[in-house]
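As structure tokens, the structure follows; a few thoughts come after it.
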Amino acid sequence: MEFIKYEVEDMVGMITINRPKALNALNSQVLDELNETLDSVDLENVRCLILTGEGEKSFVAGADIGEMSTLTKAEGEAFGKKGNDVFRKLETFPIPVIAAVNGFALGGGCEISMSCDIRICSENAVFGQPEVGLGITPGFGGTQRLARVIPVGMAKQLIYTARNIKADEAYRVGLVNAVYPLEELIPAAKKMAAGIAMQAPIAVRNCKKAINEGLQVDMDQAIVIEEKLFGDCFETEDQRAGMGNFLEKDKEKKLKVVPFKNK
Ligand code: DAK
């Protein structure tokens, strides 16, 4: 692949968007390669993904403005669909995805980070939805996801004014969970991913599904979604081992069965 790097270590997959000359802007090829990479993830052995950008300046500086500038209406629609499909694939991916935002996250860059489950960033990160300044609306889910991740009034302010915000403000409004010095960002993402990877994988997947699907419906339906996914965890090896170790109070054994098995 030309623009995506993918490495797996200790059950954590690291996807790096690798187009630093264009600040990792998303063109059609990047989106295609990201899609292929997600399809290739070995879900039996990988329990958490980290998404980041190559270099020290940018996570993703948005959709590729050069490529977009010449699109016809039909091509614009096709480009939008390609992006939305990949972003949705990330959002509904069976295992958690952590965005390690290492610099600019503008337009499609901010939007792709919001398709991930968790965002952490470096001190030099800059977030924003500058689209109205380019004569378009956010097109990769920004109007929908930003208003769900941070307070709606703040989302509207950022989108209507096209104002960029730095890491400290992104933390204050709840767009990111934590801010790190640049050199500590990937180690922190890996540590968080390892903490997820050592938990019972079926339970973690079911939690992601329950939270994502539950947020789309009212509380009565949401509780039914949770009940079903809770029930699904029973009779799995993870549930038997996890509860059995607690009851046996056997710390040695507890350590031996971690990480849990898949089935
Ligand atoms: N696209 C293409 N190239 C980009 C780019 C981008 N978004 N951002 C940066 N680059 C390229 C620059 O052109 C430059 O290339 P060379 O001139 O060296 O060949 C190189 O990256 C370095 O950029 P700068 O020289 O500009 O670097 P600076 O440090 O001076 O500035 C910057 C960094 C991030 C502030 C600046 O590059 C910038 O403002 N970039 C554009 C940021 C932006 O507006 N991003 C949002 C794009 S709009 C849709 C779906 C989705 C979307 C739209 C429609 N549909 C449903 C149809 C999404 C839209 C967007 O994301």
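The values are calculated or read from the model by the stated rules, or taken from the named source; none is laboratory data. Everything numeric here is computed off the predicted structure, so don't read it as measured data. Positions of Cβ are generated from backbone atoms using ideal geometry, with glycine treated the same way; all protein chains shown enter the neighbour counts. Each accessible area value is taken on the protein alone, full model and side chains, heavy atoms only, with ligands, DNA and RNA left out. Shrake-Rupley method; radii C 1.70, N 1.55, O 1.52, S 1.80 Å.
List the GluC sites (Glu not before Pro) within segment 36-87 that fall in a DSSP loop (any state other than H, G, I, E or B) and whose Cβ has at most 13 other Cβ atoms within 10 Å. Show your work: numbers first, answer last.
Numbers: sites: Glu36, Glu44, Glu54, Glu56, Glu67, Glu75, Glu77; in loops: Glu44, Glu54, Glu56.
Qualifying residues, ordered by number: Glu44, Glu56.
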At a probe size of 1.4 Å, how large is the accessible area of Asp220, to the nearest 10 Å²?
120 Å²
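Write down the percent of antiparallel bridges among all DSSP beta bridges whose residues are both part of segment 69-196, to the nearest 5.
On the way: 2 of 11 bridges.
In segment 69-196, DSSP labels about 20 percent of beta bridges as antiparallel.
Under 8 Å for C-alpha pairs, at least 6 residues apart: give me the relative contact order for segment 1-99, rounded to a whole percent.
Values: 135 pairs, mean separation 32.6, N = 99.
So the answer I get is 33 percent.
Which of Lys57/Lys166; Lys89/Lys208; Lys57/Lys89; Lys156/Lys208; Lys5/Lys190; Lys89/Lys228 have a Cα-Cα distance over 18 Å?
Values: Lys57/Lys166 13 Å; Lys89/Lys208 13 Å; Lys57/Lys89 26 Å; Lys156/Lys208 27 Å; Lys5/Lys190 16 Å; Lys89/Lys228 22 Å.
Going by Cα-Cα distance, Lys57/Lys89; Lys156/Lys208; Lys89/Lys228 fall outside the 18 Å limit.
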Segment 1-148: antiparallel bridges as % of DSSP beta bridges, rounded to 5, reads 25 percent
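Based on the mean of other beta carbon atoms within 10 Å per residue, what is the order of 178-185, 80-87, most packed first?
Working: 178-185: 15.9, 80-87: 17.5.
By packing density, highest mean first, the sequence is 80-87, 178-185.
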